[in-house]
Amino acid sequence: MEISDSLKRIPSSYIREILAAASDKNVISLAGGLPDEKTFPIDLMTPTLAELSCMPNVFQYGATAGYGPLIDYLTTRFQLPESHSVMITTGSQQGLDLIARAYINPGDVVVMEAPSYLGAMQVFGLVQANIVTVSQNESGPDLDELEQCFKTHSPKMFYAVPDFHNPTGVCWSLATRQHVAALCIEYKVAFIEDAPYRELRFTGEALPFVSDFCPNDSILLRSFSKIASPGLRLGAVSGKSEFIAPLIKVKQGADLHSSVPMQALLLGLLQHEDFPLHMENIRSLYQTRYQVLFSALEKQLPENCTAHAVDGGMFVWVELPPCDTFALAKTLLANGVAVVPSPVFYPQPDQARAALRLNFTNATEEALEEAVSRLAQGLNQVI
Ligand code: PMP
């Protein structure tokens with residue numbers, strides 16, 4: 001059977017290929033975006049797991065918007081105003097898919113930063129959005145370029161990851177957050193704020209969401225993958241109720257609802273008295289790993305390469321002098337370290353600036369040190 005034209009336009013995932021190669025036990029993988037399994041708070045979920053056996057109602061079909069007690073809990077926790085609502089999604093990835101399918105007609109313009117999250121490029125590509133990019137600097141998108149883009153293209157939405165961007169780790173400054181929100185209001189562009197890494201801040205104070213400055217012109221996606229576990233497949237989408245209602249309609253056709261027992265398990269976890277301690281432990285583990293990776297990079301990277309410091313998240317972005325980053329990634333793999341080359345993260349890969357994404361959350365400190373030695377060795381051979 002022939003696949004659809006829109007699917008034909010989606011390239012096969014290079015990351016999946018490199019992850020398959022990286023499963024070789026001689027390879028240290030900094031390629032994935034995986035949390036460390038040892039951080040999964042299974043012990044904090046055990047009491048709820050036991051209770052589930054006495055809750056047959058959660059094994060019944062449930063409401064599309066989500067498990068009522070979890071919705072109530074999150075409505076309070078997120079301090080949602082009366083006019084706003086939250087719905088539960090099967091990971092924040094589904095939230096993105098629902099938004100694309102509810103709101104995008106073929107040819108509608110969606111603005112993204114370049115580089116950008118691969119999964120969002122796929123979702124917007126599948127609904128045949130016209131993806132227009134703006135460049136990113138140390139404090140977020142280039143604001144002049146963004147305004148010019150809003151003026152020229154009249155986009156429907158601006159999709160971004162303001163907290164610890166995937167792949168660059170950039171966290172937008174407060175001024176940028178306010179400015180972007182003001183532009184979205186002025187040019188009537190919906191801001192789609194994707195925040196799966198926000199809770200993984202290990203340095204400094206949390207900044208407001210961009211959505212806080214444009215609450216009626218935005219949709220906010222959160223994920224429980226990094227703070228609970230990705231296998232639960234749970235995320236939450238919030239915004240003005242009239243923005244959320246169409247998403248519920250699309251979700252009915254997608255999967256009826258996210259798993260109710262998993263939602264009950266998540267609720268038990270979030271309410272557990274030791275949940276804040278669990279969050280502290282994750283942040284501290286990832287901070288240690290980041291520091292090991294970053295200081296090794298600073299010591300060993302060739303002079304013409306730059307590793308960008310981060311305050312949280314899961315990734316470090318290493319900028320390189322112009323080179324064939326795919327060939328480089330192949331050489332590095334042969335040297336026993338897997339990384340992701342920058343063109344993968346660009347809607348127009350030929351416009352990519354040479355760089356590599358390194359993940360620091362799923363390798364031990366010793367493995368990170370060894371990975372940087374192999375990386376530096378490979379870079380010295382090629383660059
Ligand atoms: N958005 C971004 C920026 C991501 O990096 C990811 C994957 N980690 C997701 C969304 C999807 O996350 P999930 O579906 O596991 O919540």
Worksheet entry | Peptides ranked, highest mean first, by Cβ atoms within 10 Å: ranges 121-134, 267-280 | 121-134, 267-280
Worksheet item: Which of the GluC sites (Glu not before Pro) across segment 78-147 are loop residues per DSSP, with 16 or fewer other Cβ within 10 Å?
Response: 82, 138
Item to complete: Quick one, could you list the DSSP H helices from the chain stretching 24 Å or more along their long axis (Cα atoms) with average Kyte-Doolittle hydropathy of -1.0 or above?
Response: 275-300, 365-382
Practice prompt. Add +1 for every Lys or Arg and -1 for every Asp or Glu among the other residues with Cβ under 11 Å from the Cβ of residue 177, and state the total.
Written response: -3
Fill in: Local electrostatic count at residue 364 - Lys and Arg +1, Asp and Glu -1, tallied over other residues with Cβ under 11 Å
-3
Worksheet item: Which is farthest toward the positive dipole end of the chain among 236, 323, 135, measuring Cα position about the Cα centre, with Cβ charges +1 (Lys, Arg) and -1 (Asp, Glu)?
Response: 236
Worksheet entry | Charged-residue dipole, Cβ positions (Lys, Arg, Asp, Glu), the chain about Cα centre, Debye nearest 20 | 680
Item to complete: Take 217, 311, 163 and order them by how many other Cβ atoms sit within 10 Å, fewest up front.
Response: 311, 217, 163
Fill in: Sum of -39500 (n - 2.57) over DSSP H runs of 4+, divided by residues of the chain (222 nm, nearest 500)
-13000 deg cm²/dmol
Worksheet item: Roughly what % of Cα-Cα distances in segment 234-314 sit above 20 Å, to the whole percent?
Response: 62
Worksheet item: Between residue 154 and residue 130, what is the label-to-label distance in nm when each label sits 7 Å out along the Cα-to-Cβ direction?
Response: 1.0
Discussion item. Full-extension gain between residue 61 and residue 78, please, as 0.36 nm times their residue separation minus the C-alpha to C-alpha distance.
Written reply: 3.5 nm
Worksheet item: Just in segment 1-68: which GluC sites (Glu not before Pro) are loop by DSSP and have at most 15 other Cβ atoms within 10 Å?
Response: 2
Item to complete: Lys and Arg at +1, Asp and Glu at -1: add these up for the other residues within a Cβ distance under 11 Å of residue 236 and post the number.
Response: +2
Worksheet item: Per 10 Å bin from zero, what fraction in whole % of the C-alpha pairs of segment 144-298 is there, up to the bin with the longest pair?
Response: 9, 31, 33, 21, 5, 0
Worksheet entry | GluC sites (Glu not before Pro) within segment 294-366, DSSP loop, no more than 16 other Cβ atoms inside 10 Å | 303
Worksheet, complete the sentence: Expressed as a percent, the portion of alpha-carbon pairs in the chain spaced more than 41 Å apart is 12
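Each reported figure results from applying straightforward, stated rules to the coordinates on display, with no laboratory input. Computed from a prediction, not measured in an experiment: that's the story for all the values here. For neighbour counting, all protein chains shown are included, and Cβ atoms are generated from backbone atoms with ideal geometry for every residue, glycine included.
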